[in-house]
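Peer 1: Pasting a structure here, questions to come.
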Amino acid sequence: MKFKESKTNESKSAPDTPNEEDQLGLFGALEPPSSHVLARLRGYFLTGLIVVGPVAITIYVVWWFINLVDGWVKPLIPKAYLPETYLPYSVPGAGLIVGILALMVIGALTANLFGRTIVSYGEMMLDRMPVVRGVYRLLKQIFTTVFSKTGTSFKRVGVIEFPRRGLYALVFISGDPPAEVKEKLGNGEKLMTVFMPNAPNPTTGFVMFMPAKDVTLLDMAIEDGAKMVISAGLVPPQQDALKKLVDDAKAKKPIPDEEPVV
């Protein structure tokens, strides 16, 4: 009787091979499909996207800029000097090369007295135009600040309490405020000119004159601060990444065995 019960129990156990009633793995014969393969494929896709995405966007921006300059410069070049006149296909970048050479020639001409005289007469004409002179002065100041070797730039990166105490915002130190601001607002206290950018567009923000004691200066590089603003805080400063590598290396270093105390 016991032998029959055991045989009956064995017959009720899960079959070794799947049958028509166990296609979904209800009795354990078939394991449910694992998501391990899908997770691995998803990881491969994201890795490929991280590698290819920046390269593709960079190539697209460079290609767009070359075509833009070619569209401006090529109509000004005589057809006899264009590569398309002698080749059966178009050569991208010819206008860009001519534009760079033209800028070099203009820079060389304005380096002497004759060139500076022509530029000064041109600026005098622009200063007499009511709307154009404001736009020209603003653009000239921006280009001088960004591209000139003698132009000014941000000094340091700091943080201030904004929009309330206990919350901190990243700012760039521009330098000292104008003399009129010091006289009327300083009250004998040292002031700073800071620029608080808006993430993720660092070209917009607020220019503020505030007491130097309310600004906490950081050792962060200007480029790292700009990266943090553009990435909305997702890209850490380079010094933090290097410090993390050093800390990880120290953590992985084996600790020497202690000598037994005699």
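Every read-out reported here was derived from the displayed coordinates using simple, explicitly stated rules and does not represent laboratory data. Bear in mind the structure is a predicted one, so any value in this text is a computation, not a measurement. Quick reminder, even Gly has a Cβ in these numbers, built from the backbone with ideal geometry, and neighbours come from all protein chains shown.
Peer 1: Report the calculated FRET efficiency for S231 and K155 (r = Cβ-Cβ distance, R0 = 25 Å), to the nearest 0.05.
Peer 2: So, using R0 = 25 Å, E works out to roughly 0.65.
Peer 1: How charged is the neighbourhood of A212? Take every other residue with its Cβ under 11 Å from the Cβ of A212, and add Lys/Arg as +1 and Asp/Glu as -1.
Peer 2: Taking every Cβ under 11 Å from that of A212, the sum is -1.
Peer 1: Using a Förster distance of 30 angstrom, determine the FRET efficiency expected from the C-beta separation of M124 and I100, and round it to 0.05.
Peer 2: Numbers: r = 28 Å, r/R0 = 0.95.
For M124 and I100, the calculated efficiency is 0.60.
Peer 1: Taking 0.36 nm per residue of separation and subtracting the Cα-Cα distance, what length does fully extending D247 through E189 add?
Peer 2: 16.8 nm
Peer 1: Can you figure out the FRET efficiency of I222 with V61, using R₀ = 22 Å and their beta-carbon distance, to the nearest 0.05?
Peer 2: 0.45
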